[in-house]
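To start, the structure itself, in structure tokens.
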Amino acid sequence: MIEKALKGDRIYWGWIVLLLVIISAGVFSYINQLTTGLTLTGMGRDVSWGVYIAQFTFLVGVAASAVMVVLPYYLHDYKAFGKIVIIGEFLAVAATIMCVLFILVDLGRPDRVLNVLLYPTPHSMLFWDATVLNGYLLLNIVSGWTVLGAERKGVPPPKWVKPVIYLSIPWAFSIHTVTAFLYAGLPGRHLWLTAVLAPRFLASAFAAGPAILILVSYILKKTTGFDAGKQAINKLSVIVTYAAILNFFLLGMEFFTAFYSNIPGHMHGLQYLFFGLHGEGQLVPWMWLSVIVGFGSLLVLLIPKLRTSSPWLIAACIGIVVSIWIDKGVGLIIGGFVPSPLEEIVGYIPNLNEIIITIGVWAIGILILTLLLKVAVAVKAQDQA
Amino acid sequence: MNENRREFIRKTGLGVLAGLGVASGIFPKSSFETAVASTTHENSSSGTRWGMVIDTRKCKEGCTKCIDACHEVHNVPQFDNAKDEIKWIWKSPYENVFPGESGQFVSEETRERSYLALCNHCDNPPCVRACPTQATFKRSWDGIVAMDYHRCIGCRFCMAACPYGARSFNWRDPRPAIQKRSQAYPTRERGVVEKCNFCSERLAQGLKPACVAECPEGALTFGDLNDSQSEVRMLLEKNHTLQRKSELGTRPSVFYII
């Protein structure tokens, strides 16, 4: 089936070559980092996680969001998602691989990563996260590939794949819940020490993930003529709308609890992010951009006439993705480290090498997604022929 | 189903759940055992529990003998930028070392002094809970929170978990930045986390920790917190002391006389 990814027009190959060039730059920068050390990043003693872990967190959400098409299609027999479900699963595969890569590039000793399996440690949330992420990757590759393979041969998918798909549904929730537990269980990091962190992660994931799925569908339609169907896009946009409302609601809960209780430690993180603390506020413009773009997009989504019009929907989906990417992929992780446990304010600016590696990992994910979708679209096209 | 049976099943279920949680170490045993949620008050596990009492009144302003001794003995590198900095023990102002304590109308003298900060060798260490490889662990026989530099994968989860900022990461090769190579303790490699080890290598030879031994004012006292006759316990008996962020339930083994 994979040979279908090898047949494409010039635009397709141009895109692949472009991604490979970006990946090479990323690999070069990573070798740089391997030989010199993580000092080549903006991270330091106080902000000890940065853009890598932030991307990881955001992408776990994208991976988990596949459940928003898998669940209605397989559990409720929602036929309109018939064509989009494979895109969701393959998006999950690409996102999960990026997650694993972002963890790898963040490690000081990547050569020792197998220690996580050699010395299994159930009291560490990172152990569980590694377990559920790899499991999720496997579940999605197996279910997506098998169903597509059956479709290619024009036969119904084998019976054993159903339980695998059913298992992937609660599993999707588990990956993002456990990812929230990485942060939410740490004493002394007030911004993260909140019971709504896991619900917030899920809400933002189910807004940003399906929004990306809508955008990918539009790109596919434009480049390959593959149409996921108007009904599927409409339904997805409703899911994005509700999840985005829930996301902002939960964000509001954080503000209320912190500022009404007036406990300094609880307020500091949010103050630093949104208003600046002791005159330091490097992320303030970012966070307000996130809020304004997020609310603006939500407004568009709330109006049915705009939501069902393609240009508006595309703009709103981009807005939701940008808003949540800033909130989760920038603010949440950096904000957890500022102020430091000694209440010092130390900023973080990713440096060039770190940014190139980050873009390189994204390019790997997009390359994987391109190849997988190329296969999927080719199989679907053969169906129609 | 009768009431008793229902109650029995409910309790058993809860017990099994709690047991699983405790067995895997996710929740500390103490959080289920005690009727009152007061992890800060009870006594610690049996055996030796090394601890330290710092008499901050005796600590002389501007003196860095303990810091220098520690960093020299343990081959702690000196980088000239804060980002790459590695430190096992250092001095910081009152509001930084004790951010939870009241800062209102604190005497000028208290506010202007600086205070030693180091790994607290918590009885209930969050860093140990977070580490995915057991590269950092609490020694069952003396309570020291130790590091295995050869197992650490450099994920820095422990740094996020530590509420005291006690951990440092080797962002670059530390060896060129070591001022004077000490033979008493191994150097580390790039890519692993390190922190104060309560001088476990010196304790093994019957010596006191380097910071304690080097302090000319006798401000640092080291001993077994579980031995009611020990010098540290005598000091704790006679003085009002603070532990850093005791409200977090980590049960630090370093105490401060202010």
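Given DSSP loops and a limit of at most 13 other Cβ atoms within 10 Å, what is the longest stretch of chain A that contains no such trypsin sites (Lys or Arg not before Pro)? Numbers along the way, then the final one.
Numbers: sites that count: A:LYS7, A:LYS159.
Segment A:160-385 is the longest.
Can you list residues whose amide H is under 5 Å from A:HIS123's amide H, if they're 5+ apart or on another chain and H is modeled 1.01 Å from N?
Counting only residues 5 or more places away or on other chains, the set is empty.
Could I have the simple spin-label model distance between A:VAL17 and A:ILE263, label points 7 Å from Cα toward Cβ, reported in nm to one decimal?
5.9
For A:TYR218 and A:HIS76, calculate 0.36 nm times their separation in residues minus their Cα-Cα distance, and state this gained length in nm to one decimal.
Difference between extended and current length: 48.6 nm.
Please give me, ordered by residue number, the trypsin sites (Lys or Arg not before Pro) of region B:48-156 that lie in loop per DSSP and have at most 12 other Cβ atoms within 10 Å.
The qualifying sites are B:LYS60.
In the Gaussian network model of chain A, springs joining C-alpha atoms below 10 Å, which of A:VAL155, A:VAL300, A:VAL375 carries the largest mean-square fluctuation?
Judging by the Gaussian network model, the answer is A:VAL155.
Calculate the dipole size of the protein assembly as shown relative to its Cα centre from +1 charges on Lys and Arg beta carbons and -1 charges on Asp and Glu beta carbons; express the result in debye to the nearest 20.
Values: 58 positive and 47 negative charges, 403 e Å.
Roughly 1940 debye for the protein assembly as shown.
Rounded to the nearest 5, what is the percent of antiparallel bridges among the DSSP beta bridges in the protein assembly as shown? Let's see the in-between values first.
Numbers: 18 of 22 bridges.
Around 80 percent antiparallel, to the nearest 5.
Just grab the label-to-label distance for B:ALA213 and B:LYS65, each label 7 Å out from Cα along the Cβ direction, in nm (one decimal).
The two pseudo-label positions are separated by 1.4 nm.
About its Cα centre, how strong a charge dipole does region A:2-380 have in debye, to the nearest 20, once Lys and Arg get +1 and Asp and Glu get -1 at the Cβ?
Computed charge dipole of region A:2-380: roughly 1500 debye.
For region B:48-257, with the dipole built from +1 on Lys and Arg beta-carbon atoms and -1 on Asp and Glu ones, taken about the Cα centre, which of B:GLN205, B:TYR94, B:CYS63 lies farthest toward the positive end?
Result: B:GLN205, furthest along the dipole toward the positive end.
In the protein assembly as shown, if the dipole is taken from +1 on Lys/Arg beta carbons and -1 on Asp/Glu beta carbons about the Cα centre, which of B:TRP171, A:LEU71, A:ILE357 is farthest to the positive end?
A:LEU71
Treating the angle as unsigned and between 0 and 90°, give the value, to the nearest 10°, between the Cα long axis of helix A:125-153 and the longest Cα principal axis of chain A.
20
Place a point 7 Å from the Cα of B:SER102 along the Cα-to-Cβ direction; which residues of region A:236-272 have their backbone N under 16 Å from it?
A:264
When the helices in chain A are scored as -39500 (n - 2.57) per DSSP H run of 4 or longer and the sum is shared across all residues, what 222 nm value do you end up with, to the nearest 500 deg cm²/dmol?
Working: 15 runs with 273 residues, N = 385.
About -24000 deg cm²/dmol.
Please find the FRET efficiency linking A:ASP9 to B:GLN229, where r is the Cβ-Cβ separation and R0 is fixed at 60 Å, and quote it to the nearest 0.05. List each step's numbers first, then the result.
Values: r = 85 Å, r/R0 = 1.41.
For R0 = 60 Å, the calculated efficiency reads 0.10.
In degrees, nearest 10, range 0 to 90: what is the angle between the Cα axis of helix A:352-384 and the longest Cα principal axis of chain A?
Compared with the principal axis, the helix lies near 20 degrees.
Size of the dipole of region B:48-257 about the Cα centre, Lys and Arg at +1 and Asp and Glu at -1 on the beta carbon, nothing else charged, in debye to 20?
Numbers: 30 positive and 26 negative charges, 111 e Å.
Dipole size: approximately 540 debye.
Please list 3J(HN,Hα) in residue order for region A:326-333, calculated via the Karplus relation 6.51 cos²θ - 1.76 cosθ + 1.60 where θ = phi - 60°; whole Hz, with x for glycine and proline.
Coupling constants for region A:326-333: 5, 4, 9, x, 10, x, 4, 6 Hz.
Take every Cα-Cα pair in the protein assembly as shown and report what % of them are more than 38 Å apart.
Details: 81014 of 206403 pairs.
Result: 39 percent of Cα pairs exceed 38 Å.
Using r as the Cβ-Cβ distance of A:LEU118 and A:ILE245, and R0 as 51 Å, what FRET efficiency do you calculate, to the nearest 0.05?
Numbers: r = 45 Å, r/R0 = 0.87.
Between A:LEU118 and A:ILE245 the formula returns 0.70.
Using the 2.2 N^0.38 Å rule of thumb for compact globular proteins, work out how region B:48-257 stacks up: its C-alpha Rg over that value, please.
On the way: Rg = 16.6 Å, N = 210, 2.2 N^0.38 = 16.8 Å.
Region B:48-257 yields a ratio of 0.99.
Quick one, can you get me the convex hull of the C-alpha atoms of region A:2-380 expressed as volume per residue in Å³? Walk me through the numbers on the way to the answer.
Values: hull volume 54.9 nm³, N = 379.
Hull volume over Cα atoms, normalised by residue count, gives 145 Å³.
Among A:ILE23, B:MET147, A:VAL238, which residue has its Cα furthest toward the positive end of the charge dipole of the protein assembly as shown, with +1 on Lys/Arg Cβ and -1 on Asp/Glu Cβ?
In the protein assembly as shown, that residue is A:VAL238.
What list of ³J(HN,Hα) values in whole Hz, one per residue of region A:227-241 in order, does the Karplus curve 6.51 cos²θ - 1.76 cosθ + 1.60 (θ = phi - 60°) give from phi, with Gly and Pro shown as x?
Coupling constants for region A:227-241: 10, 6, x, 4, 5, 5, 5, 4, 5, 4, 5, 5, 4, 4, 4 Hz.
Can you give the angle from 0 to 90° between the axis of helix A:161-184 and the longest principal axis of chain A, with both taken from C-alpha atoms, to the nearest 10?
10
Which residue fluctuates most in the GNM of chain A (Cα springs below 10 Å): A:LEU186, A:LEU302, A:LEU71?
Between A:LEU186, A:LEU302, A:LEU71, it is A:LEU186 that shows the largest mean-square fluctuation.
Between A:SER340 and A:ASP111, what is the FRET efficiency for a Förster distance of 35 Å, r being their Cβ-Cβ separation, to the nearest 0.05?
Values: r = 30 Å, r/R0 = 0.84.
Taking R0 as 35 Å, the efficiency between A:SER340 and A:ASP111 is 0.75.
As a quick test, which of the pairs A:LYS83/A:LYS159; A:LYS328/B:LYS245; A:LYS4/A:LYS305 have an alpha carbon distance above 30 angstrom in this structure?
On the way: A:LYS83/A:LYS159 20 Å; A:LYS328/B:LYS245 28 Å; A:LYS4/A:LYS305 39 Å.
The pairs that break the limit, which is 30 Å between Cα atoms, are A:LYS4/A:LYS305.
Cut-off 10 angstrom, C-alpha nodes, Gaussian network model of chain A. Which of A:LEU270, A:LEU298, A:LEU75 fluctuates the most?
A:LEU75
Using a simple spin-label model with points 7 Å from Cα along the Cα→Cβ vector, what separation in nm is obtained for B:ILE26 and A:PHE173?
Roughly 1.5 nm, to one decimal.
Bear in mind that the values in this text are calculations on the coordinates, not laboratory data. Just so it is clear, the model here is predicted, and its values are computed rather than measured. Virtual Cβ from ideal backbone geometry, glycine too; neighbours counted across all protein chains shown.
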